[in-house]
1. Hey, any hits in the range 35-58 for a residue that's part of a strand (DSSP E or B), modelled with pLDDT of 90 or more, in contact with a strand residue (DSSP E or B) (Cβ under 8 Å, 6 or more places away or on another chain) and not assigned by TED's automatic domain parsing to the domain that holds residue 168?
2. Here are some conditions: (1) surrounded by 14 or more Cβ atoms within 10 Å (Cβ to Cβ); (2) modelled with pLDDT of 85 or more. Residue 359 meets all but one. Which one does it not meet?
3. Search the range 211-263 for residues being under 30 Å from residue 310 (Cβ atoms) and in a strand (DSSP E or B), and hand back the single one that is farthest from the chain's Cα centre (by Cα).
4. I'm told residue 70 meets every condition in (1) surrounded by 13 or more Cβ atoms within 10 Å (Cβ to Cβ); (2) outside the structural domain of residue 220 (by TED's automatic domain parsing) except one. Can you identify the failing condition by its number?
5. Criterion first (touching a residue at least 24 places away in the same chain (Cβ under 8 Å), surrounded by 12 or more Cβ atoms within 10 Å (Cβ to Cβ) and under 20 Å from residue 357 (Cβ atoms)) does residue 319 satisfy it?
6. With the condition kept exactly as written, say whether any residue in the range 143-159 is surrounded by 18 or more Cβ atoms within 10 Å (Cβ to Cβ), over 26 Å from residue 180 (Cα atoms) and in the same structural domain as residue 48 (by TED's automatic domain parsing).
7. Would you check if there is a residue in the range 409-425 being at pLDDT below 75, in contact with a strand residue (DSSP E or B) (Cβ under 7 Å, 6 or more places away or on another chain) and outside the structural domain of residue 316 (by TED's automatic domain parsing)?
8. For the range 274-302, name all the residues that are in a loop (DSSP other than H, G, I, E, B), in contact with a helix residue (DSSP H, G or I) (Cβ under 9 Å, 6 or more places away or on another chain) and either more than 28 Å from residue 246 (Cβ to Cβ) or not assigned by TED's automatic domain parsing to the domain that holds residue 343 (or both).
């Protein structure tokens, strides 16, 4: 028997090895550059853009964000959206997407947007960058007066230099250009008033007024002009100032006539009213006030026995009455009456009064002839004087012409329509 050959045992050990690969494609930067994402020049992640006018158009590039870090080092993107601003990551441009009107009281002179500055290669390193844009107001509004018209009432006696208006005021929506000056534009009444301090809307009286010469109301034009600080064009607006002028007590009463004449009969008794040819009457020359007057007779004192003592006057009507019943035919009385303003005794005026005593009218007139005859030819021209008649009154004392108290007339009768008679004139054929 053949003995089989024995094979030696060989132990083979296989070692399994796993190759581990680090996940991620970017190299981890343990310590990034601390200067990244800072504004160049300030060294802080804050950007200020100034001098942007409020009239910049929508879509315009306002400025560019200039931060430390190349596009290979940092990325910029919007973190907090803005109502007014947009950002272009590729160009780093700040763009206006909505106009800003600083004249709107809800808007503020600065707008902002917050960006995220992402440092490339850093595990977690997002730095917020606030971009603030300062908007400059421009002068694009005219001043506006608080009232559509200003009205004031002053007396004609107002002294020159008096401030008559203090509330003229205009406002300007341009907050940075709100300095306003006031002036009075040239016109028919402009020299009567003045604005001595242009920065204040206070108007003073520059010339005296006179209500009694027709100055009842005056109108002037007030202009408000702004003064922009940035060289923008100026704007202005105007408003009317109406000044109503009231009458002042600067005139004395005035009688309508310097002398008043009247007559009274010789047999007139006490309290008989004197017949005045024109009523005694005085007016207040301050027509806007038109205060009533009181009438008195001027006397030297209470014991005066002169002409004025024979009469008295009604204080309100100006009628004159007999005070003494011892009047003599033909006598003339002369005295003065005073008209005094009721509310101011210093305002008064004087006028003369002349009263003549006449004979009592107790006798009828009597023609000098009982009958008057005249002969006419048939072809006498119209207008020919036919005859003159004359009468006499026994009550007439001869001191006045007959015509001053006798009046003639024709009684209706046969043929009377062919003639006419004038007062103390010859009868004429008609």
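The values are calculated or read from the model by the stated rules, or taken from the named source; none is laboratory data. What you see is a predicted model, and the numbers here were worked out from it, not measured in a lab. Cβ sites come from the backbone with ideal geometry, for glycine too, and all protein chains shown count toward neighbours.
1. Among the residues of the range 35-58, not one is part of a strand (DSSP E or B), modelled with pLDDT of 90 or more, in contact with a strand residue (DSSP E or B) (Cβ under 8 Å, 6 or more places away or on another chain) and not assigned by TED's automatic domain parsing to the domain that holds residue 168, which makes the answer no.
2. (2)
3. Per the stated criteria, the residue is 263.
4. (1)
5. For residue 319, the condition - touching a residue at least 24 places away in the same chain (Cβ under 8 Å), surrounded by 12 or more Cβ atoms within 10 Å (Cβ to Cβ) and under 20 Å from residue 357 (Cβ atoms) - is met.
6. No: the range 143-159 contains no residue that is surrounded by 18 or more Cβ atoms within 10 Å (Cβ to Cβ), over 26 Å from residue 180 (Cα atoms) and in the same structural domain as residue 48 (by TED's automatic domain parsing).
7. no
8. Matches in the range 274-302: 298, 299, 300.
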